[in-house]
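**Student:** Structure provided below as structure tokens; questions to follow.
The values are calculated or read from the model by the stated rules, or taken from the named source; none is laboratory data. Everything numeric in this text was worked out from a predicted model, so none of it was measured. Every residue, glycine among them, receives a Cβ derived from its backbone with ideal geometry; neighbour counts consider all protein chains shown.
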Amino acid sequence: MENSYIDEPMLEAYVYETSQIIETLEQLMIQSEKVGTFSEEAMNEIFRFMHTIKGSSAMMMFNEISTLAHKIEDIFYVIRENKTIEYDFATLVDCILESVDYYKIEMIKIRNGERPDGDTASLTDKVNDYLVKLKKDNGLDKSKKEDKEKPKADQKYYISPNRKEDQAKYYKVKITFKKNCEMENIRAYTVIHNIVDLVEEVLYKPSDIIDNDQSVDEIRSNGFHMAIRSTAHEADIQKYLDSTIFLEKLDFEETNQEWFKEFEVIYQDQEISDEIKIPETSKKYVEIQKNKKEKEDSKQEVTATAAQSIISVNVDKLDKLMDMVGELVIAEAMVSQNPEVVRLEIESFDKASRQLHKISSELQDMVMAIRMVALSTTFMKMHRIVRDMTRKLSKDVVLDVYGEETEVDKNIIEKIADPLMHIIRNAIDHGIEDAEERKIAGKDPQGNLTLEAKNSGSDVLIIVKDDGKGLNKEKIYEKAYNLGLIYQSIEDMNDKDIYRLILHPGFSMKEQVTEFSGRGVGMDVVAKNIESIGGSVIVDSVLGKGTTIILKIPLTLAIIEGMNVKVGDSRFTIPIVSIKESFRPLNKEIIRDPEGREMIMVRGLCYPIIKLYEHYGLQTNVQDYEKGILIMVEEDDRSCCLMADELLGQQQVVVKSLPNYIKKYKQIKGLGGCTLLGDGSISLILDVGEFELSNVHEK
Amino acid sequence: MRLMIVDDASFMRVAIRRMIEKEDYEVVCEAEDGQDAVDKFKKYRPDVITMDITMPNLSGIEALKEIKKISSTVKVIMVSAMGQEALIREAVMNGANSFIVKPFKEDKLIEVLESMKS
């Protein structure tokens, strides 16, 4: 990069902060739009946001980003300063949201190490046009012009109140500032402002350094000239002038009264009304004395380091920490369940290992808690989606959000934003009817969409509910049948199974593809994404009343409570949450259908049996039902019984993802991951949802 | 030299910190807004302050006034952006010792800080 000082931490800080500002800004826009106006607070905030983006981006040399922010800042400056101003609220919100979108894309580019190269020309023009129109409509452009036409004084002076006529000497001064030090006029002003203690009288040119920003150019090309009359030591004055910041060159020479008078005479008839305010030196002195005392009093309090209550930590480090806690849990099991030690039955060892277990599970809870993030940011984003969608489709929809304070693991949050967005889009696009249709159906013309999150055991449920037209069971069935996705007759399927078909790849109900949804790669991607984090999607609907989609998401991915089972020489772990019960069946309870599939009746319900040794092609001596054990598992109201040799025990296991060899090449069904057991052997974690479950309850 | 960085933008605080890291300055604290700056000034008594102007709660200029009331010897450098000429003028009138205009590079910042030593 061309700037030596810009480095990784700065870039990170920049992207982090700017992204946060953009997000807050977006929410602020949506909120303001609901009210239909900017509150004063909102206005100040937006102004400050744009100011920060402008400054930070300029520092990073991202000039396009900075310029656009500057323009928006200007707009809000004008609106803020002119309380009675009339402005086009809707267009302004559009402009800013468009800018928000632009910034989002640029931030992604910067994060990925690319230059932000998005074309802002049209956007900047749009914002600029708005600013120009705003000023014109409110007559603010003229007043400024009038100001400029005012005859300007070329020189000005300052006369000290305690002027002594005798012994005064005269000096001629020319200050040249360094290039690019910016705001030379203000720098010149600083020189004048601070020299007052040293001089009796000072004249300077150009004189309009205060009101006219054009004076910058004159100072740049001709330098800043001063005529000084002073009784102070020459050396002191020179020393003061020499200390001017960004001084390129100082011409300082003693001159005579005649020259001084001449400098004065030329500008004699110029107005001298806007004299610089002179600080009241006497008052200042008193304050200094007073404060000196205060300073001494407070000196004892001075401590060297700044205390901070919140620190930001790199997510990579948290991931690493989580991994290590996982290893610790395994290591703990290896020690405390070591078969040789356990056989010795030492009481003190048991006590110590219980203590170890307590601490390690507390540690695990804490690490988990650190990684938890509230869903509120993700939920807030949905407001924007709803806004954009309802505008484009001219539908009237209100989004209500509940339980946004519910927390889930950081890694999970990242993966649910897109699916959620898709579901919301679908609901507005396909679910909720337009106002006319709703009126005919006898509904409130305004559609309702609820987004809710709540905890449910070790899961978090995210519920998206609309009061639209609902799913048409027959239509879905017909379409799925025609597409060849199913072969059963409609009577053989229950409602939930039919609704579930919309999650099937290649299934899209909408005949016409719209901008927002209906590309046929919708709900199946949602289902895949949610499944990839160990969650599931449940669809429910009442025709004419609305649709509910529930995302069931695990609180955390990393550690689960599992039941270890043995099949031959292999070990499997079944997530405890999936297990309903386990039991030893009698051979006579087993039912076989004509195709040889085996089932068992439990309390009047018929469950299919999957023999794990058969399913995975393993060698085992336990093939007789009465010697083995059946584990009844359930997922989303669908169940089956798995047959294993024996149960080994319940344990917390750390989920490690399967190697690609197993996942991609072999594509073995029913595996969710793997883990290490206490004795060092590998256990495969079963993904119950992938087995051929059947819906036992509804038949 | 003991320095306090005042800016509501965390990026700017990081940027200034990194620019001066190689030099012999000690950043004793950072403040996120004007009020915070006044409070931290009382606590840490830095020699030099870099002060952003546009901030919530108390603006940089208000904070400058408050701080100069407590100590007239503390050096305050205003950190400003283009278009804030009027505000800087006001700051200088109220005792700001110098100012620096965004965007700036480390040499500029260090030059201003060095000039505060005299």
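**Student:** Quick one: which strands (runs of 3 or more DSSP E) sit completely within region A:557-673 and have at least 3 residues that are within 47 Å of the chain's Cα centre (by Cα)? Give the steps one after another, and end with the answer.
**Tutor:** Working: elements: A:559-567, A:570-575, A:579-583, A:590-592, A:598-602, A:605-611, A:629-635, A:638-644, A:646-654.
Filter on region A:557-673 gives A:559-567, A:570-575, A:579-583, A:605-611, A:629-635, A:638-644, A:646-654.
**Student:** Could you please find all residues in region A:70-128 being surrounded by 16 or more Cβ atoms within 10 Å (Cβ to Cβ) and in contact with a Ser or Thr (Cβ under 8 Å, 6 or more places away or on another chain)?
**Tutor:** A:Lys71, A:Ile72, A:Val93, A:Tyr102, A:Tyr103, A:Met107, A:Thr120, A:Leu123, A:Thr124, A:Val127 - these are the residues of region A:70-128 that are surrounded by 16 or more Cβ atoms within 10 Å (Cβ to Cβ) and in contact with a Ser or Thr (Cβ under 8 Å, 6 or more places away or on another chain).
**Student:** Also: Here are some residues: A:Lys351, A:Lys395, A:Lys320, A:Lys358. Which one is charged (D, E, K, R), within 30 Å of A:Gln31 (Cα to Cα) and modelled with pLDDT of 85 or more?
**Tutor:** Details: A:Lys351 fails: within 30 Å of A:Gln31 (Cα to Cα); A:Lys320 fails: within 30 Å of A:Gln31 (Cα to Cα); A:Lys358 fails: within 30 Å of A:Gln31 (Cα to Cα).
Being charged (D, E, K, R), within 30 Å of A:Gln31 (Cα to Cα) and modelled with pLDDT of 85 or more holds for just one of A:Lys351, A:Lys395, A:Lys320, A:Lys358, which is A:Lys395.
**Student:** So which pairs qualify, if the first residue must be in region A:168-193 and under 18 Å from A:Thr231 (Cα atoms) and away from chain B (no Cβ under 14 Å), the second must be among the hydroxyl-bearing types (Ser, Thr, Tyr) and surrounded by fewer than 19 Cβ atoms within 10 Å (Cβ to Cβ), the Cβ gap must be under 8 Å, and the two must be at least 6 apart or on different chains?
**Tutor:** As it stands, the answer is A:Ala168/A:Thr231; A:Lys169/A:Thr231; A:Tyr170/A:Thr255; A:Tyr171/A:Thr255; A:Lys172/A:Thr255, since those pairs meet every condition given.
**Student:** Let me ask something else about it. For region A:212-244, which residues satisfy the criterion of being touching a residue at least 12 places away in the same chain (Cβ under 8 Å), closer than 25 Å to B:Ala86 by Cβ and acidic (Asp, Glu)?
**Tutor:** Selection gives A:Asp213, A:Glu218.
**Student:** Name the residue, out of A:Ile549, A:Ile600, that is in the same structural domain as A:Leu461 (by TED's automatic domain parsing), modelled with pLDDT of 90 or more, of a type in the set (Val, Ile, Thr) and buried (at least 16 other Cβ atoms within 10 Å of the Cβ).
**Tutor:** On the way: A:Ile600 fails: in the same structural domain as A:Leu461 (by TED's automatic domain parsing).
The match here is A:Ile549.
**Student:** Name the residue that is nearest to the other protein chains (Cβ to nearest Cβ), counting only residues in region A:30-88 that are within 22 Å of the chain's Cα centre (by Cα) and not in a helix (DSSP H, G or I).
**Tutor:** A:Met60
**Student:** So, in region A:197-231, how many residues would count as being out of contact with any helix residue (DSSP H, G or I) (no Cβ under 9 Å at 6 or more places or on another chain) and crowded, with 17+ Cβ neighbours inside 10 Å?
**Tutor:** 2
**Student:** Okay, moving on. Are any of the residues in region A:7-24 surrounded by 21 or more Cβ atoms within 10 Å (Cβ to Cβ), within 30 Å of A:Asp396 (Cα to Cα) and more than 10 Å from chain B (Cβ to nearest Cβ)?
**Tutor:** no
**Student:** Tell me which strands (runs of 3 or more DSSP E) are completely within region A:390-459 and hold 2 or more residues being on the phi > 0 side of the Ramachandran plot and of a type in the set (A, V, I, L, M, F, W, C), or say none if there are none.
**Tutor:** Numbers: elements: A:397-402, A:407-409, A:447-456.
Output list is empty.
**Student:** Another one. Does A:Leu612 satisfy the condition of being among the hydrophobic types (A, V, I, L, M, F, W, C) and buried (at least 16 other Cβ atoms within 10 Å of the Cβ)?
**Tutor:** Working: among the hydrophobic types (A, V, I, L, M, F, W, C): yes; buried (at least 16 other Cβ atoms within 10 Å of the Cβ): yes.
Here the answer is yes, as A:Leu612 does meet what is asked.
**Student:** Name the one entry in A:Lys351, A:Lys392 that is in the same structural domain as A:Ala453 (by TED's automatic domain parsing), loosely packed, with under 15 Cβ neighbours inside 10 Å and among the basic types (Lys, Arg).
**Tutor:** Numbers: A:Lys351 fails: in the same structural domain as A:Ala453 (by TED's automatic domain parsing).
None of the others qualify; the one that does is A:Lys392.
**Student:** Filter region B:11-38 for residues that are touching a residue at least 12 places away in the same chain (Cβ under 8 Å) and at the interface with chain A (Cβ under 7 Å from one of its Cβ atoms) and give the result. Talk me through it step by step, then tell me what you get.
**Tutor:** Taking region B:11-38 as the starting set, the residues that turn out to be touching a residue at least 12 places away in the same chain (Cβ under 8 Å) are B:12-13, B:16-17, B:19-20, B:23-38.
Scanning region B:11-38 gives B:Met12, B:Met19, B:Val28, B:Cys29, B:Glu30.
**Student:** Got a number for residues in region A:619-639 being under 19 Å from A:Ser578 (Cα atoms) and either modelled with pLDDT under 90 or acidic (Asp, Glu) (or both)? Steps first, answer last, please.
**Tutor:** As a first pass, look at region A:619-639 and keep what is under 19 Å from A:Ser578 (Cα atoms): A:629-639.
With the extra rule that they be either modelled with pLDDT under 90 or acidic (Asp, Glu) (or both), the set shrinks to A:634-639.
Number satisfying all stated conditions: 6.
**Student:** Test A:Ile6 against the criterion of being modelled with pLDDT of 85 or more and of a type outside the set (S, T, N, Q), and give yes or no. Outline the logic, then answer.
**Tutor:** Working: modelled with pLDDT of 85 or more: no; of a type outside the set (S, T, N, Q): yes.
Judged against the criteria, A:Ile6 is not a match.
**Student:** Cβ-Cβ distance below 8 Å, separation of 6 or more or different chains: which pairs start in region A:523-537 with a residue that is more than 17 Å from A:Asn455 (Cα to Cα) and end on one that is among the basic types (Lys, Arg)?
**Tutor:** A:Asn529/A:Lys415; A:Ser532/A:Lys415
**Student:** Give me a count of the residues in region A:129-139 that are surrounded by 15 or more Cβ atoms within 10 Å (Cβ to Cβ) and either in contact with a Phe, Trp or Tyr (Cβ under 8 Å, 6 or more places away or on another chain) or modelled with pLDDT under 80 (or both). Step through it out loud before you land on a result.
**Tutor:** Residues of region A:129-139 surrounded by 15 or more Cβ atoms within 10 Å (Cβ to Cβ): A:130-131, A:134-135, A:138.
Keeping just the survivors that are either in contact with a Phe, Trp or Tyr (Cβ under 8 Å, 6 or more places away or on another chain) or modelled with pLDDT under 80 (or both) gives A:134, A:138.
Of the residues in region A:129-139, 2 are surrounded by 15 or more Cβ atoms within 10 Å (Cβ to Cβ) and either in contact with a Phe, Trp or Tyr (Cβ under 8 Å, 6 or more places away or on another chain) or modelled with pLDDT under 80 (or both).
**Student:** Being more than 14 Å from chain B (Cβ to nearest Cβ), out of contact with any strand residue (DSSP E or B) (no Cβ under 8 Å at 6 or more places or on another chain) and farther than 24 Å from A:Gln257 by Cα is true for just one of A:Ser215, A:Ser221. Which residue is that? Steps first, please.
**Tutor:** Values: A:Ser215 fails: more than 14 Å from chain B (Cβ to nearest Cβ).
Matching residue, one of A:Ser215, A:Ser221: A:Ser221.
**Student:** Could you check A:Met382 against (1) assigned to a helix (DSSP H, G or I); (2) more than 15 Å from the chain's Cα centre (by Cα); (3) aliphatic (A, V, I, L, M) and say which number it fails?
**Tutor:** (2)
**Student:** Quick check on A:Glu98: is it part of a helix (DSSP H, G or I) and of a type outside the set (S, T, N, Q)? Full working, then the answer.
**Tutor:** On the way: part of a helix (DSSP H, G or I): yes; of a type outside the set (S, T, N, Q): yes.
Yes, satisfied.
**Student:** Ok, one more. What number goes with the only condition from (1) at pLDDT below 85; (2) within 30 Å of B:Val14 (Cα to Cα); (3) within 14 Å of another protein chain (Cβ to nearest Cβ) that A:Asp147 does not pass?
**Tutor:** A:Asp147 satisfies every listed condition except (2).
**Student:** Are any of the residues in region A:422-441 in the same structural domain as A:Leu503 (by TED's automatic domain parsing), crowded, with 22+ Cβ neighbours inside 10 Å and within 30 Å of A:Ser312 (Cα to Cα)?
**Tutor:** No, that holds for no residue.
**Student:** Moving on to the next point. Return the residues of region A:358-407 that are closer than 21 Å to A:Gln20 by Cα, acidic (Asp, Glu) and out of contact with any Phe, Trp or Tyr (no Cβ under 6 Å at 6 or more places or on another chain); say none if nothing qualifies.
**Tutor:** A:Asp388, A:Glu405, A:Glu407
**Student:** Going residue by residue through region B:23-37, is there one that turns out to be over 13 Å from the mean Cα position of the chain (by Cα), modelled with pLDDT of 90 or more and of a type outside the set (A, V, I, L, M)? Don't jump to the end; show me each part of the working.
**Tutor:** Applying the first criterion (over 13 Å from the mean Cα position of the chain (by Cα)) to region B:23-37 yields B:23-26, B:35.
Checking the rest, the ones that are also modelled with pLDDT of 90 or more come to B:35.
From what's left, of a type outside the set (A, V, I, L, M): B:35.
Taking every residue of region B:23-37 in turn, at least one turns out to be over 13 Å from the mean Cα position of the chain (by Cα), modelled with pLDDT of 90 or more and of a type outside the set (A, V, I, L, M).
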